[in-house]
Every structure is written in structure tokens, then in C-alpha cells.
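Step one of this worksheet: look at the structure below.
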Amino acid sequence: MTGKKKPLSARAARREAERAAVKLARDRERLASLEPGGAPSLPIEITSASEVEIAARGKPCARCGGEVRVEEHLAETVGTSRLRVARVFCPACGARRAIYFRLGAGLPN
């Protein structure tokens with residue numbers, strides 16, 4: 001025997017590519033959870049609640065990199081911290097995620 005691999009059929013190649021794409025999407029989502037805003041322990045600092053939706057729309061989809069839509073913006077208490085949470089949805093791939101924000105001290109008037 002020569003040790004050469006048999007070439008993949010079209011179906012096998014397509015399934016292998018699909019598995020690789022799913023794995024990549026899962027890895028990208030895991031990385032996004034480690035970035036600022038990806039978890040309640042890593043909130044993005046903002047000065048006003050009105051910045052939440054703008055900042056959330058500015059972050060690309062963690063799975064496919066597309067634009068996201070803000071479905072919900074609410075205030076939650078996580079542990080002892082009061083955080084703002086933007087729940088976003090990607091219309092391209094259907095991914096949903098939460099982005100966390102903390103209101104910082106604003107500038108004095």
C-alpha cells in the first residue's frame with residue numbers, strides 16, 4: 001500500500017466544510033465572551049444609558065461578523081453590580097447574545 005488518501009467525494013467535502021464552519025463560529029462566540037461587554041464581569045464603561053444601543057449596534061455579530069439589531073435594552077442587577085444589558089440579534093445567521101455595559105461617572109455639568 002502506498003499510504004495515499006482517497007480524494008473526498010463532493011458530499012464528504014461539503015460536510016467537512018460545514019463542520020469546520022460550525023467549529024469556527026463556536027470559537028468566535030467563545031472569544032467574544034472574553035472581550036469587554038461579553039460577560040457581566042467584563043462590562044463596557046459608558047457615561048449615559050443612551051449610549052447602550054449605539055455601542056451595541058457598533059459591535060459586529062460574534063458568529064458571522066454581520067450587523068446586529070438591538071432587540072432589548074434593560075437594566076439588570078448581576079451580583080452587586082447594576083448593569084445595562086443589550087440583547088442583540090443577527091438577522092444574517094440568527095445568533096443572539098447579550099452585551100453588558102456599566103454606567104460610569106458622567107462629566108459634571
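The values are calculated or read from the model by the stated rules, or taken from the named source; none is laboratory data. Since the model is a prediction, treat every value here as computed from it, not as a measurement. Neighbour counts are summed over all protein chains in view; Cβ atoms, including those assigned to glycine, are modelled from backbone coordinates with ideal geometry.
Within the stretch 49-72, residues that are more than 13 Å from R84 (Cα to Cα) sit with their Cβ atoms under 7 Å from residues that are exposed (fewer than 12 other Cβ atoms within 10 Å of the Cβ), at 6+ positions apart or across chains, in these pairs: R69/P91.
Taking the stretch 24-46, which residues are touching a residue at least 40 places away in the same chain (Cβ under 8 Å), assigned to a loop (DSSP other than H, G, I, E, B) and closer than 15 Å to R82 by Cβ? Explain how you work it out, then say what you get.
Pass one, the stretch 24-46, residues touching a residue at least 40 places away in the same chain (Cβ under 8 Å): 25, 29, 32, 37-40, 42-46.
Going one step further and asking which of them are assigned to a loop (DSSP other than H, G, I, E, B), we end up with 37-40, 42-43.
Selection gives P40, P43.
Considering only residues in the stretch 62-98 that are touching a Pro at 6+ places or on another chain (Cβ under 9 Å) and not aliphatic (A, V, I, L, M), the one that is surrounded by the most Cβ atoms within 10 Å (Cβ to Cβ) turns out to be R84. Could you tell me whether any residue of the stretch 50-57 is modelled with pLDDT under 95, loosely packed, with under 11 Cβ neighbours inside 10 Å and farther than 17 Å from R97 by Cβ? Checking the stretch 50-57: at least one residue is modelled with pLDDT under 95, loosely packed, with under 11 Cβ neighbours inside 10 Å and farther than 17 Å from R97 by Cβ.
Taking into account only those residues within the stretch 47-77 that are of a type in the set (D, E, K, R) and assigned to a strand (DSSP E or B), which is farthest from A95 (Cα to Cα)? Selected residue: E76.
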